[in-house]
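Some notes on the structure that comes next.
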Amino acid sequence: ELQQKVEETEMLKMELQMLETERVRLSLVEEKLMDVLQLLQQLRDLNISKRALGKILLSTLESCHDPQHGKANLFEVLDTLYHELTACEILQSQPLEKAQSRQSLSNPLVISC
């Protein structure tokens, strides 16, 4: 009976560790998603064309597609999209102060279509 309790305790410790690992992973995904949403908000405020935004998105999806697994890693897609958006010419040509003031005034979670 004592051995069974020890095994149960070990199993619970392993589950707890797996949950903590998943929590950290989700936290990283959430942070990257927030960054991407902020960039999308800035681009919307700068009136980027839907065509240009679509090209960025398709380029991201194509570069992240893994034919062996059939789907891409979520964090990889978000990270690639973030880098594609930051490389966008319209954001790079915008003065840094203007971008930061807009970012601080708007809610990064709200994107209206």
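Taking the condition of being open to solvent by less than 90 Å² (accessible area, probe 1.4 Å) and of a type in the set (A, V, I, L, M), how many residues in the stretch 1-25 meet it?
Residues that pass the stated criteria total 2.
Looking at this structure, is Q38 more than 21 Å from N73 (Cβ to Cβ) and open to solvent by 100 Å² or more (accessible area, probe 1.4 Å)?
On the way: more than 21 Å from N73 (Cβ to Cβ): yes; open to solvent by 100 Å² or more (accessible area, probe 1.4 Å): no.
No: the conditions fail for Q38.
Go through the residues of the stretch 40-52 one by one and say whether even a single one is within 13 Å of the chain's Cα centre (by Cα) and at pLDDT 90 or above.
Filtering the stretch 40-52 for residues within 13 Å of the chain's Cα centre (by Cα) gives 40.
Add one more test, that the residue is at pLDDT 90 or above, and what stays is 40.
Yes: the stretch 40-52 contains one or more residues that are within 13 Å of the chain's Cα centre (by Cα) and at pLDDT 90 or above.
Would you say E31 is farther than 24 Å from V77 by Cβ, of a type in the set (D, E) and in a helix (DSSP H, G or I)? Reasoning before the result, please.
On the way: farther than 24 Å from V77 by Cβ: no; of a type in the set (D, E): yes; in a helix (DSSP H, G or I): yes.
Considered against the rule, which asks whether it is farther than 24 Å from V77 by Cβ, of a type in the set (D, E) and in a helix (DSSP H, G or I), E31 comes out as no.
Kindly evaluate L61 against the criterion of being part of a helix (DSSP H, G or I), modelled with pLDDT of 90 or more and either in contact with a helix residue (DSSP H, G or I) (Cβ under 8 Å, 6 or more places away or on another chain) or open to solvent by 100 Å² or more (accessible area, probe 1.4 Å) (or both).
Details: part of a helix (DSSP H, G or I): yes; modelled with pLDDT of 90 or more: no; either in contact with a helix residue (DSSP H, G or I) (Cβ under 8 Å, 6 or more places away or on another chain) or open to solvent by 100 Å² or more (accessible area, probe 1.4 Å) (or both): yes.
So L61 fails the test.
Tell me, please, whether a residue that is open to solvent by less than 50 Å² (accessible area, probe 1.4 Å), modelled with pLDDT of 85 or more and out of contact with any Asp or Glu (no Cβ under 7 Å at 6 or more places or on another chain) can be found in the stretch 90-109. Full working, then the answer.
Restricting attention to the stretch 90-109, the residues satisfying the condition of being open to solvent by less than 50 Å² (accessible area, probe 1.4 Å) are 91, 94, 99, 106, 108.
From what is left, the residues that are modelled with pLDDT of 85 or more are none.
No - not one qualifying residue is present in the stretch 90-109.
The values are calculated or read from the model by the stated rules, or taken from the named source; none is laboratory data. Here the structure is a predicted model, which is why all the values come from computation and not from measurement. Glycine also receives a Cβ, built like all others from the backbone with ideal geometry; neighbour counts cover every protein chain displayed. What goes into the accessible areas is simple: the full protein's heavy atoms, side chains included, and nothing from ligands, DNA or RNA. Shrake-Rupley method; radii C 1.70, N 1.55, O 1.52, S 1.80 Å.
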